[in-house]
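K.L.:
Provided herewith is a single structure, encoded as structure tokens, for subsequent inquiry.
The values are calculated or read from the model by the stated rules, or taken from the named source; none is laboratory data. In this text, all values refer to a predicted model and were calculated from it rather than measured experimentally. Because the Cβ atoms are built from the backbone with ideal geometry, glycine has one as well, and the counts that use them run over all protein chains shown. Areas reflect the complete protein model, heavy atoms only, side chains present, ligands, DNA and RNA absent. Shrake-Rupley method; radii C 1.70, N 1.55, O 1.52, S 1.80 Å.
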Amino acid sequence: MAVLDELSGFEFEDVMEDVFRNLGYENVRQAVKTADEGRDVTMEEVVDGTRRAIVVECKHTGTVGRPVVQKLHSAIATYQYDGPKRGMVVTTGRFTGPATEYANRLERNDDPYPIELIDGRDLREIADAVGLDLYNGRIEILCEETLRPVDPTGDVDTPIREAIRDVGNIDSSDLPATHVEATFEPAVAVEAGVDAVFETSVGVIHRIDETNRFVVHASREQPREFEPAVRDLISANIDRTVQLESESFETTFDSVTIKRFGQTETGYKEWAVERLRRQHTTTVTYTGDNNVTYNKTCEPKGSDIVVQSVSAVYVPELQHSIRLGEYGYTYESYVAGPSRVTVDDGIHRCVHCAEEGGPFTYCDNCGSINCGDHSKTERLEGEPVCTGCAVTERFAFKRKYFYDESNLEAFREQYSKLPIHRKAMENKPLVAAMSALVLLLGLVLMGGFL
């Protein structure tokens, strides 16, 4: 089978940049295409605590001879780096005997610039390790890690129990069993550096030198960035993951869905580069040597952007469903162990008006959660009852709320036996208003006598 046969030489360099980054090398960067001086890719490695530069020559060809290896040896020697250096030649084909013998002699003689040779057979082994498709050069995403879907100090019901904790008139410890669906959403965290300088005849007019980090929702739809809260959740916990084991999760959750990554790792890298090009494209106004004002659009080239890491991980999205009386509630959140970001909060939402401001009170009579405008005090029991299920009737010109007709009838009997001043007290605002009126009349009469 031909290795990466349909790629051009430049495309092969692009692939190898991604491959080396996946193999754990650091500061992987391609040289400028038009003047690489025999150095297609440069990168670094740390061995026994010592950082070393690696200069790579990529050859998308059938056979690589000794002159290529010799040229790379000279390129290493002239490469400006404060520390030890070595070389690497990577080809989709094979090395000639003289090329192999030259590299072996460098090693035997403890040359300061040793060179490693990687041929098409080696690339096949590397492909298995990093998910490289040898037909098209795309790197598939091999991800078996997820943020922790359960708080290790709690249980699967912890999110909804904590959400309901500040709802009045209900104890979260008394909640019935909840139905929990777990969806493992694919995510890709990208870190990339932009280093671009824009010059004209008057000198440098614009410079970009910064590192960008963002987290992409990587399902089958087009890549899109997570909202800041979810991005921060993923970024803070991406180094604290567990194995994505669907069988064990199926014993924890009522249903488990694992979504597939929508694109290859290479696709997300290309998306990130294009996104950063758009983000950093700007128009700069400057004055030329002739004192004429010019506008120049400064757009970074692809070579100005170095993708330093592409890290894939699954993000658990949990949907808790619970039945309270006549009503069902859901609470959805992205979770990472004890941390979470709410996606949809059906607990802190009045069932009658969808008000989300709170405070909220639970109606034990029908199971509704209500805002202050839709929560009243049951006259007979003195407990909360919502306006949706309450039976009402006016007493002393004031509307009273009751659980049901039997409570209303029981209060009618009590009310009928009350003395008139006690009946009046059932409408305290009215009593206060009448008292104020009597006081006002008294003052008027006293003024008349004076």
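K.L.:
Return the residues of region 296-320 that are in contact with a Phe, Trp or Tyr (Cβ under 8 Å, 6 or more places away or on another chain), farther than 30 Å from Asn237 by Cα and open to solvent by 40 Å² or more (accessible area, probe 1.4 Å); say none if nothing qualifies.
P.N.:
Across region 296-320, the qualifying residue is only Lys296.
K.L.:
Another question, if that's okay. Within region 237-255, how many residues turn out to be part of a helix (DSSP H, G or I) and modelled with pLDDT of 95 or more? Before the answer, list the steps.
P.N.:
Start the filter on region 237-255 by keeping residues that are part of a helix (DSSP H, G or I), which leaves 237, 246-250.
Filter once more, keeping what is modelled with pLDDT of 95 or more: 237.
Of the residues in region 237-255, 1 are part of a helix (DSSP H, G or I) and modelled with pLDDT of 95 or more.
K.L.:
Provide a single number: the residues in region 144-194 that are of a type in the set (A, V, I, L, M, F, W, C) and under 30 Å from Val273 (Cβ atoms). Talk me through it step by step, then tell me what you get.
P.N.:
Step one: list which residues in region 144-194 are of a type in the set (A, V, I, L, M, F, W, C), which gives 147, 150, 156, 160, 163-164, 167, 170, 175, 177, 180, 182, 184, 187-190, 192, 194.
If we keep only those that are under 30 Å from Val273 (Cβ atoms) too, we end up with 147, 184, 187-190, 192, 194.
Number of matching residues: 8.
K.L.:
Please state which one of Asp232, Asp209 is within 17 Å of the chain's Cα centre (by Cα), over 30 Å from Ala127 (Cα atoms) and not in a loop (DSSP other than H, G, I, E, B). Steps first, please.
P.N.:
Values: Asp209 fails: within 17 Å of the chain's Cα centre (by Cα).
When all the criteria are applied, what remains is Asp232.
K.L.:
If you go through region 161-181 one residue at a time, do you hit one that is modelled with pLDDT of 95 or more and under 30 Å from Glu225 (Cβ atoms)?
P.N.:
So far as region 161-181 goes, yes, one or more of its residues are modelled with pLDDT of 95 or more and under 30 Å from Glu225 (Cβ atoms).
K.L.:
Any idea how many residues of region 77-123 are among the small types (Gly, Ala, Ser), in contact with a Phe, Trp or Tyr (Cβ under 9 Å, 6 or more places away or on another chain) and closer than 14 Å to Lys59 by Cβ? Walk me through it before giving the result.
P.N.:
Looking only at region 77-123, we keep the residues that are among the small types (Gly, Ala, Ser), and these are 77, 83, 87, 93, 97, 99, 103, 120.
Right, trim to in contact with a Phe, Trp or Tyr (Cβ under 9 Å, 6 or more places away or on another chain) and you get 77, 87, 103.
Going one step further and asking which of them are closer than 14 Å to Lys59 by Cβ, we end up with 87, 103.
Adding up the residues that qualify gives 2.
K.L.:
Is it the case, given these coordinates, that Asp254 is under 28 Å from Glu144 (Cα atoms) and free of Cβ contacts under 8 Å to residues at least 40 places away in the same chain? I'd like the intermediate steps shown before the answer.
P.N.:
Numbers: under 28 Å from Glu144 (Cα atoms): yes; free of Cβ contacts under 8 Å to residues at least 40 places away in the same chain: no.
No, not satisfied.
K.L.:
Being over 20 Å from Leu318 (Cα atoms) and either outside any helix (DSSP H, G or I) or in contact with a Phe, Trp or Tyr (Cβ under 7 Å, 6 or more places away or on another chain) (or both) is the filter here, so list the residues in region 144-187 that pass it.
P.N.:
If the condition is that a residue be over 20 Å from Leu318 (Cα atoms) and either outside any helix (DSSP H, G or I) or in contact with a Phe, Trp or Tyr (Cβ under 7 Å, 6 or more places away or on another chain) (or both), then Asp166, Val167, Gly168, Asn169, Ile170, Asp171 are the ones that fit.
K.L.:
Which one of these is surrounded by fewer than 13 Cβ atoms within 10 Å (Cβ to Cβ), among the aliphatic types (A, V, I, L, M) and not in a loop (DSSP other than H, G, I, E, B): Val215, Val190, Val194, Val204? It would help to see each step written out before you state the result.
P.N.:
On the way: Val215 fails: surrounded by fewer than 13 Cβ atoms within 10 Å (Cβ to Cβ); Val190 fails: surrounded by fewer than 13 Cβ atoms within 10 Å (Cβ to Cβ); Val194 fails: surrounded by fewer than 13 Cβ atoms within 10 Å (Cβ to Cβ).
Exactly one residue qualifies, and that residue is Val204.
K.L.:
Got a sec? Which of Gly38, Gly9, Gly65 is of a type in the set (Gly, Ala, Ser) and modelled with pLDDT of 90 or more?
P.N.:
Numbers: Gly38 fails: modelled with pLDDT of 90 or more; Gly9 fails: modelled with pLDDT of 90 or more.
Exactly one of Gly38, Gly9, Gly65 is of a type in the set (Gly, Ala, Ser) and modelled with pLDDT of 90 or more, namely Gly65.
K.L.:
Determine which member of the set His320, His348 is assigned to a strand (DSSP E or B) and closer than 15 Å to Ile160 by Cα.
P.N.:
Details: His348 fails: assigned to a strand (DSSP E or B).
Criteria check complete, one pass: His320.
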